[in-house]
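Comments concern the structure below.
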Amino acid sequence: MELRHDWTVAEVSAIHDLPITDLVHRAQTVHRAHHAPDKVQLCTLLSVKTGGCPEDCAYCPQSARHRSNLTAEKLLGLEEVLVAAKCAKASGASRFCMGAAWRDAKHGAQFDEVLAMVRGVRDLGMEACATLGMLDDEQAKALAEAGLTAYNHNLDTSREFYGSIVTTRTYDERLLTLDRVTKAGIGVCCGGIIGMGESITDRCRMLVTLARMTPHPSSVPVNALVPVEGTPLELRPPVDPLELVRMIATARIVMPRAMVRLSAGREELSREAQVLCFLAGANSIFYGDKLLTTGNPDVEADQKLMRDAGLTPLRAHETSLHEHGQSDTHDHAPGHAHAHDCAE
Ligand code: SAM
Ligand code: DTB
Ligand code: SF4
């Protein structure tokens, strides 16, 4: 099956609005041509620099412009981050994603510290992802040299709706950082959020922007809004799980090789809704009791879900090879975490 980069909004909307039985069947067909149907990538998040962000993203509890109950913290130390990564590995995660509430990645000592975190995570044999805000070319190159597998930088929504959600940066600035990441040879992790008040057309427009990229993003996180008290979107009604299924299936069909990640909002989903998302082509989840600052299902509940559904975790070197330009097979240093180091 050839990969297309010329999708139109009309075509993508027509797919999105198919009867759900047809939509899921089509997504399954594409999924099985490119991925093992019983494997799920487990990706653990850690907020390495929490809160105090100068941007005004309406969904985000970490913006200093909103009144969420979050205390801003300094960058975590290398040791603390690597202990968390080892614990994530010990509980079955193959990928570790570090998030910083920055408008743009810092220069100097703080950036060097982040590079050391990336190297440390890679040395555990895990995939490393980071989300640090905007990057310049030099920073992208340094992250690539440190072995970063992918950089997360979401478009969040359509260009048309973007201004209703963020006013402190432009859609084009987002795209520029994504270009720099691609040029540096790092995988692009880019997706969005549903449930912010956008239309179905906005969702399809965002998918078209992603699916017109060359190459397609290696990962596409699909988040359902987690409405956080004190943010402008705190009163948004919950996302209908079937809308999440449609978004995931459409992403799978238009970006066949991408890891499609069922991301924020899983706490509100039943086990059956999550299984429907897997049937629709999701093959990755955030795994661990916390996302960045909000909750996520317990590790035990996720392990039981995987067992009951007969799904098994994808190992780091099993992730679709196209995700990483760099050598990705140095699984030589198993991360031995002592049980007492790992949070209950
Ligand atoms: N500051 C960096 C940036 O904006 O790229 C990185 C961190 S930011 C928290 C990463 C992504 O998390 C956002 O782009 C957004 O898609 C998602 N996100 C943040 N808050 C969310 C929420 N309340 N519900 C769902 N997704 C959320
Ligand atoms: C993504 O698309 N979702 C993750 C990850 N990339 C960095 C973050 C979700 C954050 C949800 C709100 C929070 O926990 O602060
Ligand atoms: Fe800052 Fe990122 Fe949150 Fe926007 S999404 S307020 S840039 S941490």
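The values are calculated or read from the model by the stated rules, or taken from the named source; none is laboratory data. Small disclaimer: the values here were computed from a predicted structure and weren't measured. Cβ: placed from backbone, ideal geometry, glycine included. Neighbour counts: every protein chain shown. Calculation scope for accessible area: heavy atoms of the full protein, side chains included, ligands and nucleic acids excluded. Shrake-Rupley method; radii C 1.70, N 1.55, O 1.52, S 1.80 Å.
Structure above, values below:
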| read-out | value |
| --- | --- |
| Normalised contact order of the chain, rounded percent, pairs of Cα under 8 Å and 6 or more residues apart | 26 percent |
| Net length gained if the chain between D172 and A90 were fully extended (0.36 nm per residue, minus Cα distance) | 25.6 nm |
| Protection proxy ranking of 216-224, 157-165 - average other beta-carbon atoms within 10 Å, highest first | 216-224, 157-165 |
| 5 angstrom amide H check on L45, placed H, neighbours 5+ away | C97, Y287 |
| Residues in the range 218-248 reached by a label modelled at R271 [backbone nitrogen below 20 Å; 7 Å Cα→Cβ] | 241-242, 245 |
| Residue-wise HN-Hα coupling along the range 56-66, computed from phi with Karplus coefficients 6.51, -1.76, 1.60 (Hz; x: Gly, Pro) | 10, 3, 5, 7, 9, x, 8, 6, 5, 7, 9 |
| Sequence of K86, K290 from largest to smallest accessible area, 1.4 Å probe | K290, K86 |
| Ranked by how many other beta carbons lie within 10 Å on average, peptides 22-35, 44-57 from highest | 44-57, 22-35 |
| For the range 108-121, Karplus couplings with θ = phi - 60° (6.51, -1.76, 1.60), whole Hz, Gly/Pro x | x, 4, 5, 5, 4, 5, 5, 4, 5, 4, 4, 4, x, 5 |
| Stretch gain in nm, segment D136-A109, where the contour uses 0.36 nm per residue and the Cα spacing is subtracted | 8.1 nm |
| Violating pairs (Cα-Cα greater than 19 angstrom) within the set K141/K183; K86/K290; K86/K183; K49/K183 | K86/K183; K49/K183 |
| Chain lengthening between D22 and K304 when straightened (0.36 nm per residue, less Cα-Cα) | 98.6 nm |
| In nm, spacing of pseudo-spin labels at T312 and T201 (7 Å Cα→C-beta vector) | 4.7 nm |
| Amide H contacts of M259 (H built 1.01 Å from N, under 5 Å, at least 5 apart or other chain) | S219, V220 |
| Share, in percent, of DSSP beta bridges within the range 9-324 that are antiparallel, nearest 5 | 5 percent |
| Cα centroid of the range 234-289 to Cα centroid of the range 165-207, whole Å | 18 Å |
| Helix-derived mean residue ellipticity, 222 nm - over the chain, DSSP H n ≥ 4, -39500 (n - 2.57), to 500 | -11000 deg cm²/dmol |
| For T231, net neighbour charge (Lys/Arg +1, Asp/Glu -1) across residues whose Cβ lies under 13 Å away | -1 |
| The range 16-32 - phi-based ³J(HN,Hα) in whole Hz, Karplus 6.51/-1.76/1.60, Gly and Pro as x | 4, 9, 4, x, 4, 5, 5, 4, 5, 4, 5, 5, 4, 4, 5, 4, 5 |
| Cβ-based net charge around G195, under 15 Å, with every Lys or Arg adding one and every Asp or Glu removing one | -4 |
| Cβ-defined net charge surrounding V121, 12 Å radius [Lys, Arg +1; Asp, Glu -1] | +3 |
